[in-house]
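K.L.:
Starting off with a structure, shown below.
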Amino acid sequence: MTFCEDGGVGDLGAIFKAYDVRGLVPGQLDEATARDIGAAFCAEVVGASGESAVVVGHDMRASSPGLATAFAAGCRDGGADVVMIGLASTDLLYFASGSLGLPGAMVTASHNPAGYNGLKLCRPGAAAISETTGLGAIRSRIETGDLPSHRSPAGQQGDGLGTNTTPGGGLKNSDQLAAYAAYLHELVAVTGHRLRVVVDAGNGMAGLTAPAVLGPLDLDLIPLFFELDGTFPHHEANPLDAANLVDLQAAVRLHQADLGLAFDGDADRCFAVDERGTAVSPSALAALIAVRTLAGEPGARIIHNVITSRAVPEVILRSGGVPVRTPVGHSLIKATMAETNAAFGGEHSGHYYFRDFWFADSGMLAALHLLAARAATDVSVSQLVAQYDPYASSGEINVTVVDPTAVLHQVLTAYGQRSDVTLDRLDGLTVSSDRWWFNVRSSNTEPVMRLNVEADTEETMAARRDEVLALMAPPGTPKTIANR
């Protein structure tokens, strides 16, 4: 392994993130690096779990099959058997990990542009691995060369991945799609009215999973961009950006559909638009699923993070549940769900977590909940979610700043002496009053700070948003501001 100072191949610091591995291919992440990660994963996770096998899936990007094969070769170098499930959404990989009881790896860069790729890793039962729960140790093994012995140094003759002729683990293929679809149907039944639904797969993995899961239901399914294409020829597979919902919104209006669904590139996140083509707040969808969950399990714990709408814990309490607040981040939420045995968890980013899905997130399972709620009533989606979306929100605003620590101190200084607010440091800084709240925090995955503001009126929200932005990036400070 050659370590570079320019962010190129071998610069593990550039590709090992808080929750996954992600970088440009092949400039930062190539097949040799993927193989090293597989070998380190085998040593650090597979053997430690007491298992002798790992399940591997990949998305539709051109580089994904090669990276998946290389990662699998690294695992086999360490003596682990590999179950290749082929093309998969991330939640399909989680299903395989959970149902088979194996550690897993998903080759994907999620919603990132076409030039990127990466790896999401989990322990048996789809338990997330983050920088503090395994990723850091995997990186350290690669940096120190503490890797399994069933391999030869890179550059020697062999299979092109540096593997020698010493026997390693076995390899088999296993198609998990049908079992995944059947399991989701067991969890949520969609019955009642026949619905017309537009689904935008964004040329991502929902193009594979949506027909399998939604196709058998009593729906008029109108597909958009179901062709698997990692170049994303129509729009980025990131529905959190409003620009990427335009095609879905137009199709819902054109076809007079009951609702529309949009998925990100690896289809672990789901976003919705109502019958008018208006985007449904992810917090409102979280509240709706929470209500459905509590109807079947009164008193259950429900997870929400620091940037979900204030309406979410209010709805949970009104419905007889116990709200549990966490920092942002899927690994943290999954861990908290397991610790508290929470039945459901929702993030404003469009991730939804289910105890019955091994505490993992599934965009498709969230979609089924919305479809089931709508099919069971004569009420439109806009009417259905209105009760869960009473506040004005800024959406997430990304601000590129020079010194995040100084910015956070600046905001804290401005609000710290006020008697009409409360301060919370669970994740960044949350400042709350009776009529509004905002949260400022550094991103775990990007070099930006994120601002979320919510208030009882649009005017109050806008005033608070502009006041905090002026503190974060005063005139003359280099900055980039974008809603996501």
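K.L.:
Are there any GluC sites (Glu not before Pro) in region 166-244 that are in a DSSP loop and have at most 16 other Cβ atoms within 10 Å? List them by number.
P.N.:
Counting only loop positions with at most 16 other Cβ atoms within 10 Å, the GluC sites (Glu not before Pro) in region 166-244 are 227.
K.L.:
Counting only other residues whose beta carbon sits under 11 Å from that of residue 82, what net charge do I get with K and R as +1, D and E as -1?
P.N.:
Spelling it out: positives minus negatives among the neighbours equals 0.
K.L.:
Further, regarding this structure: Can you compute log10 of I(q)/I(0) for the chain with the Debye formula, treating each Cα as one identical point scatterer, at q = 0.06, 0.09 Å⁻¹?
P.N.:
With one equal scatterer per Cα and no solvent, log10 I(q)/I(0) is -0.27, -0.61.
K.L.:
Restricting the count to DSSP beta bridges whose residues both fall in the chain, what percent are antiparallel, rounded to a multiple of 5?
P.N.:
Roughly 60 percent of the DSSP beta bridges within the chain come out antiparallel.
K.L.:
Let me ask you something else. What does the charge add up to near residue 307, with Lys and Arg as +1, Asp and Glu as -1, over the other residues with Cβ less than 10 Å from its Cβ?
P.N.:
Overall, the nearby charge balance is -2.
K.L.:
Over what distance in Å are the Cα centres of region 186-200 and region 376-453 separated?
P.N.:
33
K.L.:
Shape of region 67-115 from its Cα gyration tensor (a ≥ b ≥ c, root eigenvalues): rounded if a/c is under 1.5, otherwise prolate when a/b > b/c, or oblate?
P.N.:
Because a/c hits 1.5 or more and a/b fails to exceed b/c, region 67-115 counts as oblate.
K.L.:
Could you work out the local net charge near residue 97, counting Lys and Arg as +1, Asp and Glu as -1, over the other residues with Cβ closer than 11 Å to its Cβ?
P.N.:
Neighbour charge sum, excluding residue 97 itself: 0.
K.L.:
Next question. Take the alpha carbon atoms of region 1-108, find their radius of gyration, then divide it by 2.2 N^0.38 Å using N residues; give the quotient.
P.N.:
So region 1-108 has a normalised radius of gyration of 1.02.
K.L.:
A further question follows. In nm, what is the difference between 0.36 nm times the number of residues separating residue 189 and residue 242 and their Cα-Cα distance?
P.N.:
Taking residue 189 through residue 242 to full extension adds about 16.1 nm, to one decimal.
K.L.:
To the nearest 0.05, how large is the calculated FRET efficiency for residue 256 and residue 52 if R₀ is 45 Å and r is the Cβ-Cβ distance?
P.N.:
Result of the calculation: an efficiency of 0.25.
K.L.:
How many lysine pairs are close in the chain, with Cα atoms under 24 Å apart and the two 8 or more places apart or on different chains?
P.N.:
5
K.L.:
Please compute the modelled spin-label separation between residue 470 and residue 276, points set 7 Å along Cα→Cβ, answer in nm with one decimal.
P.N.:
3.3
K.L.:
So if we plug the beta-carbon distance of residue 387 and residue 413 into 1/(1 + (r/R0)^6) with R0 = 56 Å, what FRET efficiency do we get, rounded to 0.05?
P.N.:
After rounding, the FRET efficiency stands at 0.90.
K.L.:
By how many nm would the segment from residue 420 to residue 442 lengthen if fully extended, with 0.36 nm per residue of separation less the alpha-carbon distance?
P.N.:
Extending this stretch completely gives an extra 5.4 nm.
K.L.:
Over region 251-364, with every protein chain in place, what whole percent of the accessible area is carbon and sulfur at 1.4 Å, could you tell me?
P.N.:
Summing carbon and sulfur atoms, their accessible area is 53 percent of the total for region 251-364.
K.L.:
Let me ask something else. How much area per residue is accessible in the chain when the probe is 1.4 Å and only protein heavy atoms are counted (Å²)?
P.N.:
Result: 38 Å² of accessible area for each residue.
K.L.:
Could you please state how large a percent of the accessible area of region 182-234 is carbon and sulfur, counting protein chains only and using a 1.4 Å probe?
P.N.:
Of all accessible area on region 182-234, carbon and sulfur atoms account for 52 percent.
The values are calculated or read from the model by the stated rules, or taken from the named source; none is laboratory data. Remember, it's a predicted structure, so these values are computed and weren't measured experimentally. Note that we place each Cβ from the backbone using ideal geometry, even for glycine, and neighbour counts take in every protein chain shown. Only protein heavy atoms, including side chains, enter the accessible area calculation; ligands, DNA and RNA are left aside. Shrake-Rupley method; radii C 1.70, N 1.55, O 1.52, S 1.80 Å.
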